[in-house]
Amino acid sequence: MKKILILLITLLTVAVQAQKRPEWLKKAVFYQIYPSSFQDIDGNGIGDIKGTLSRLDYIQSIGVNTVWFNPLFKSAFQDGGYDVIDYYLVDPRFGTNTDLVEFIKDAHKRGMRVILDLVAGHSSDQSEWFKQSKEADNNLHYSDYYIWAQVKPNDLPPQEASKWVEANAPRAKYYVKNFYNSQPALNYGYANPNPNHPWEQSIDASGPQAVRRELQNIILFWMEKGVDGFRVDMAASLIKNDPDKSATIALWKKLTAWFDKKFPEGVLIAEWFNPTQAIEGGFDIDFYLSGSLFSSRGRGTQTPSRVYFDKAGTGDFATWYKTYIGHYESTAGKGYVSVPTGNHDNPRIATATRNDGPQLKVAMTFLLTLPGAPFIYYGDEIGLKFIPNLPSIEGSNVRSGERTPMQWDNTQNAGFSTAPIEKIYIQQDPDPNRPTVANQDKDPSSLLNFVRALLAFRAKSEALGNDGEFKMIGDINEPYPLIYMRTKGNEKYIIGLNPSDKPVEAEITTLNSVRVKYSFGTNEKCSYKPGKTVDKIKIPSVSAAIFKVQ
Ligand code: GLC
């Protein structure tokens, strides 16, 4: 009897652990906002929290229910806010801590949630922590928050060597950075400290322990103000010299277990780009970008012909898919692999020649029918275009083109700001016919209304939802049309996509179903004909369909 009881308790604990994700995540649809570029209310040409608040009706109208803000904390803005000066303070350009709390309250009243960006791996070199750490006295509170060395060894592997910045500070000659020089890496310690390298502290040393506590304090501070979780920037970067990431995963396991216990309704999303590792570390979600399917490296005016989402119809799907499916399979049931529509680091889906409604609807059908929580990057729902060759703003470098301000209407600066055009954060799309919310709102055939309808369709279906299973049905080496299935229980959908400008058809092993019905898509001429041994799917040029299997 006792043994059975123990077994039952163990089984129950395992079940609870496996289900630690909050219930709301199952229906979560995220909307990523780059705050400088969304809505400016005080007329200085830069977006702010109050401006964003004034657009919550619109945000909600898309069918998303969770907002993720790119960094809002006090920053030197040498990397668009990813160089934080004070983690406990909203940057004055965006408003105040009170404004953020007001935003969260309003969002919560609507049943929406708010996620902040947590830059865990590095701060700004202008933070008080770093300033103190630079001082000659190395016994101060923040002394060991960073990694300092007097001599740079000449046998460092090139990638690591490039992270050493010559500072000539009173404390020491070099510090280790994470991204730009202005972003010194916080000291979470080294996986296997080399005794001959005094700067390599163990993860249990007092400096790394203090940094870890600080991170927990920041999390507590904002969770207590009502936020619903964090997207953790460069989450894989914390522990140094950790090639297989085992020490970093172990650290995150501890942190996420602590977080889940304290905040069972909170979520932690990694920017790790390795969902298998991130989810093992206890994250709820990690990203897997669709860049190679959409030509992220192009950044020009042409999409190369090997890009899958291109009218040429000669693109490669298999390479992207093989890694994707590996991550999906290793994390299924444990966490989400999310493929965002875009983000602030990569060109938008509306890039170069892939810029019209029909093409973007096909792309959106793909992105919003994958498993895992969808992430819509602000503006992608109206086909805001990637603008090539813009000057670098606040460390954006080549990334300005995906950070241009939102286009609301046909007034000055597309309704983003009343500031003179030269004061606008980043130059907007100069095209007089640029897409706007106002134009698309009233056009039933617009991308915006398509995205709304698609999200509404998805929301009604368990199979198409975040937890529905995913299975590739078509041949990934002949991906025009691309055919995959989403299932939950008895509910089944087949998705057929054709980004090419030629009509295409495919045969698949029959599903033996009585009826397969076109239920949603861009073109009612998409057809699915069940047969005895094979089923035939026809998708006209640049079209997408969701078929219900009955
Ligand atoms: C992440 C951010 C990126 C930033 C970098 C350094 O990759 O998404 O915008 O520049 O981290 O913080």
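Read-outs throughout are calculated quantities, based only on the coordinates presented, and are distinct from any laboratory measurement. It should be emphasised that the depicted structure is a prediction, and the values quoted were computed from it without experimental measurement. So basically every Cβ, Gly included, is an ideal-geometry build from the backbone, and we count neighbours across all protein chains shown.
Brief remarks on what is shown
- Distance between region 30-73 and region 320-350 - C-alpha centres, whole angstrom: 24 Å
- In region 469-549, the DSSP beta bridges split such that about 100 percent are antiparallel, to the nearest 5.
- Selection among THR323, LEU370, GLN412 by position relative to the dipole of region 318-456 gives THR323 as farthest towards the positive end (Cβ unit charges, Cα centre).
- Sparse-neighbourhood loop sites, GluC sites (Glu not before Pro) in region 472-538 - DSSP loop, at most 12 other Cβ within 10 angstrom: GLU524
- Region 393-471, dipole about Cα centre (Lys/Arg Cβ +1, Asp/Glu Cβ -1), debye to the nearest 20: 100 debye
- Counting charges near THR522 (Lys, Arg +1; Asp, Glu -1) among other residues having Cβ under 12 Å from its Cβ returns a value of 0.
- Dipole of region 67-177, positive direction: furthest Cα of LEU89, SER127, ILE147, with charges on the beta-carbon: LEU89
- Remark: the ASP106-LYS532 segment gains 147.8 nm on full extension, using 0.36 nm per residue and subtracting the alpha carbon distance.
- Note on region 133-204: with charges restricted to the Cβ of Lys and Arg (+1) and Asp and Glu (-1), its dipole about the Cα centre is near 220 debye.
- Alpha-carbon centroids, region 110-158 and region 239-256: separation in whole Å: 17 Å
- Antiparallel bridges, percent of DSSP beta bridges restricted to the chain (to nearest 5): 65 percent
- Ordering of 537-547, 211-221 by packing is 537-547, 211-221, highest average first (other Cβ atoms within 10 Å, averaged per residue).
- Nearest-ten-degree value, helix 318-331 long axis tilted from longest Cα axis of the chain: 70 degrees
- Placing unit charges on each Cβ (+1 for Lys and Arg, -1 for Asp and Glu) gives the chain a dipole about its Cα centre, and among ASN65, SER400, ILE349 the Cα reaching farthest toward its positive end belongs to ASN65.
- Structure-based [θ]222 nm, the chain - -39500 (n - 2.57) summed over DSSP H runs of at least 4, per residue, nearest 500: -7500 deg cm²/dmol
- Each label was represented as a point 7 Å from its Cα along the Cα-to-Cβ direction; for VAL151 and THR353 these points are 5.8 nm apart.
- Ordering of 414-420, 260-266, 492-498, 321-327 by packing [mean C-beta count within 10 Å, highest first]: 492-498, 414-420, 321-327, 260-266
- Among the trypsin sites (Lys or Arg not before Pro) in region 41-117, those placed in a DSSP loop whose Cβ has at most 13 other Cβ atoms within 10 Å are ARG110.
- Within region 116-137, backbone nitrogen closer than 18 Å to the virtual label 7 Å beyond the Cα of ALA210 toward Cβ: 121-137
- Full-extension gain in nm, GLN550 to GLU507, via 0.36 nm per residue minus C-alpha separation: 13.6 nm
- Think of each Lys and Arg Cβ as +1 and each Asp and Glu Cβ as -1; about the Cα centre, that makes the dipole of the chain roughly 1760 debye.
- Separation of region 218-232 and region 425-477, taken as the distance between their Cα centroids, equals 29 angstrom.
- Neighbourhood charge, 11 Å Cβ-Cβ cut-off, centred on LEU220 and excluding it, Lys, Arg +1 and Asp, Glu -1: +1
- Sites GLU469 and LYS254, calculated FRET efficiency, Cβ-Cβ separation with R0 45 Å, nearest 0.05: 0.90
- Lysines with Cα under 21 Å of LYS322, excluding same-chain neighbours fewer than 8 positions away: LYS334, LYS471
- Summarising the amide proton neighbourhood of VAL114: residues at separation of 5 or more, or on other chains, whose placed amide H is nearer than 5 Å comprise VAL67, ASP228.
- Calculated FRET value between ALA318 and ASN168, using beta carbons and R₀ = 56 Å, to 0.05: 0.65
- Formal net charge of residues neighbouring GLY372 (Cβ-Cβ distance under 15 Å; K, R +1; D, E -1): +2
- Note on region 469-549: Cα-Cα pairs beyond 23 Å make up 10% of the total pair count.
- Highest to lowest packing among 513-523, 349-359, 157-167, 193-203, scored as the average C-beta count within 10 Å: 349-359, 513-523, 193-203, 157-167
- Once both labels are positioned 7 Å from their Cα atoms along Cα-to-Cβ, the gap between ALA438 and LYS20 label points is 4.9 nm.
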